[in-house]
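Only one structure is covered here, and it is reproduced in the block below.
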Amino acid sequence: MKYYSTNRQVPPVSLRTAVIKGLAADNGLFMPMSVQPLGEGFFEGIQHFSFQEIAFAVALRFFGDDIDRQHLHQIVNETLSFDCPVVPVKDNIWSLELFHGPTLAFKDVGARFMARMLRYFLKDNKSVVNVLVATSGDTGSAVANGFLGVEGINVFVLYPRGKVSEIQEKQFTTLGQNITAIEVDGTFDDCQRLVKSAFLDHDLNKKFLLTSANSINVARFLPQSFYYFNAYARLKERGEMKDKELVFAVPSGNFGNLTAGLFAMEMGLPVSRFLAANNENDVVYEYLQTGEYHPRPSVETLANAMDVGTPSNFARILDLFGDSHVKISSVMKGFRYSDDEITEMIKKVFRDTGYLLDPHGACGYAALEEYLDENQTGIFLETAHPAKFTDTMERIIGPGNVPMPDTLAKYLKGKREVVGLSSDFWEFRQWLVNELNNS
Ligand SMILES: *Cc1c(COP(=O)(O)O)cnc(C)c1O
């Protein structure tokens, strides 16, 4: 299948090119030329299939023309070496726990899939591939861990100084090998700008093979649709979907996760609404309310992986629905929560149910509480393990209440190694050229 650019100024490209380039040459985002629905029969019997089987069926629709079955099967199974269970929290509200992977956040799914797909496409390539990734917290660790030790690939993680938690930082600054962490004196949007500028720099791209691992990459964002299908299957299996409408609440920053859900719906998944749960970075909320879209600088919140002022995947949402505000707002409804509201929600749910929400999942949960009626079943995406934000969590619910998984404890013991840079593109470019010439 070919992939076209949302800006439509360049011809469609192959999957291989879309994955290696990340961003289209006209600065647009790649979209699959067509979305092939899974038949009614598939959904009727979906509860009889495992997560891996469902994911493979979905993957075949997107990638089956471009990767042979056997390799695709292997990529799917290696990616999903952990489960994404749906657990009951309260009444008709369920948590889709996406934090059982190696870095305890949903980005493990996309990052692991992309690392394997990139390796597949570059298996005969002699030159080194350089992955540049901007992170507001969890992308960096998921991508770095997804690519760690993969031969022929260097990863450069750019992150805003002082704006990610210690645990998040440790997960990509202590790895060594083919992973380099760059601490930028600026915001996440600055980091994203540096990465985008590098991709658009003609000379740089002539000399070196650069690619993106941000959620703009089709190999990262499309696989995120797998767990939406599986969540539906698991609830159906438990008899929870009888005569009920399905609502997903998605804690959103760059909107890659939510966009993957929209693709799942386009493929036939019976979803009645997507709730776009934002923190105070609310440009999409505002768009859904008013039809006006005004990107602006991000502000810092407790749910820092959602501190995005210019959500990159919004272009995909517009494209998917032909720029129609009417259509988009009939599929998505926006919610936004202040730090105080997030704090109260975490406290309340912990007190009433014993379930520990992280600050991002708390936004999703809150949206379901506001929106659901008794004819609906709601699933919120619990996008990270609460222990990734221990300081914040302990301030909210008191010390000793946040269990630390072994995988996280291990990172905390590692030695931090970073390169410090300003947010100036030319400084970054110079550093990168030196680094790549010497490697
Ligand atoms: C990245 C991230 C988000 C936002 O996801 P998008 O796909 O960028 O909307 C939400 N929660 C957590 C924990 C994240 O790491």
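How many of the residues making up region 85-101 are assigned to a loop (DSSP other than H, G, I, E, B) and within 14 Å of the ligand (Cβ to nearest atom)? Even if it seems obvious, please write down each step before you answer.
Taking region 85-101 and keeping what is assigned to a loop (DSSP other than H, G, I, E, B), we get 85, 91-92, 98-101.
The next check asks that each one be within 14 Å of the ligand (Cβ to nearest atom); those that pass are 98-101.
Qualifying residue count, region 85-101: 4.
Any idea which of GLY28, GLY22 is within 17 Å of PHE221 (Cα to Cα), surrounded by fewer than 22 Cβ atoms within 10 Å (Cβ to Cβ) and among the small types (Gly, Ala, Ser)? If you could, list the steps in order and put the result at the bottom.
Values: GLY22 fails: surrounded by fewer than 22 Cβ atoms within 10 Å (Cβ to Cβ).
Checking each option against the conditions leaves just GLY28.
Kindly indicate the residue of region 79-130 that is over 13 Å from PRO223 (Cα atoms) and among the acidic types (Asp, Glu) and also surrounded by the fewest Cβ atoms within 10 Å (Cβ to Cβ) among those meeting that condition.
Result: ASP124.
Here's the yes/no breakdown for (1) farther than 18 Å from LYS170 by Cα; (2) modelled with pLDDT of 90 or more; (3) aromatic (Phe, Trp, Tyr); (4) within 10 Å of the ligand (Cβ to nearest atom):
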residue	(1), (2), (3), (4)
PHE106	no, yes, yes, yes
ALA111	no, yes, no, no
ALA115	yes, yes, no, no
LYS123	yes, no, no, no
LYS126	yes, no, no, no
VAL131	yes, yes, no, no
ALA142	no, no, no, yes
PHE147	no, yes, yes, no
GLU151	yes, no, no, no
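What are the residue pairs meeting all of these: first residue in region 396-416, first residue of a type in the set (A, V, I, L, M, F, W, C), second residue in a loop (DSSP other than H, G, I, E, B), Cβ atoms under 8 Å, and 6 or more apart or on different chains?
ILE397/LEU356; VAL402/LEU356; LEU408/LEU104; LEU408/HIS385
For residues that are in a helix (DSSP H, G or I) and within 15 Å of the ligand (Cβ to nearest atom), tally how many sit in region 348-360.
Taking region 348-360 and keeping what is in a helix (DSSP H, G or I), we get 348-353, 359-360.
Subsequent filtering for residues that are within 15 Å of the ligand (Cβ to nearest atom) retains 359-360.
Looking only at that region, the number is 2.
Only one of these conditions is not met by LYS410: (1) closer than 30 Å to PRO270 by Cβ; (2) part of a helix (DSSP H, G or I); (3) not aliphatic (A, V, I, L, M). Which number is it?
So LYS410 meets the others, but not (1).
The values are calculated or read from the model by the stated rules, or taken from the named source; none is laboratory data. This one's a predicted model, so the numbers in the text were calculated from it and none came from an experiment. When we count neighbours, we look across all protein chains shown, and the Cβ atoms used for this are built from the backbone with ideal geometry, even at glycine.
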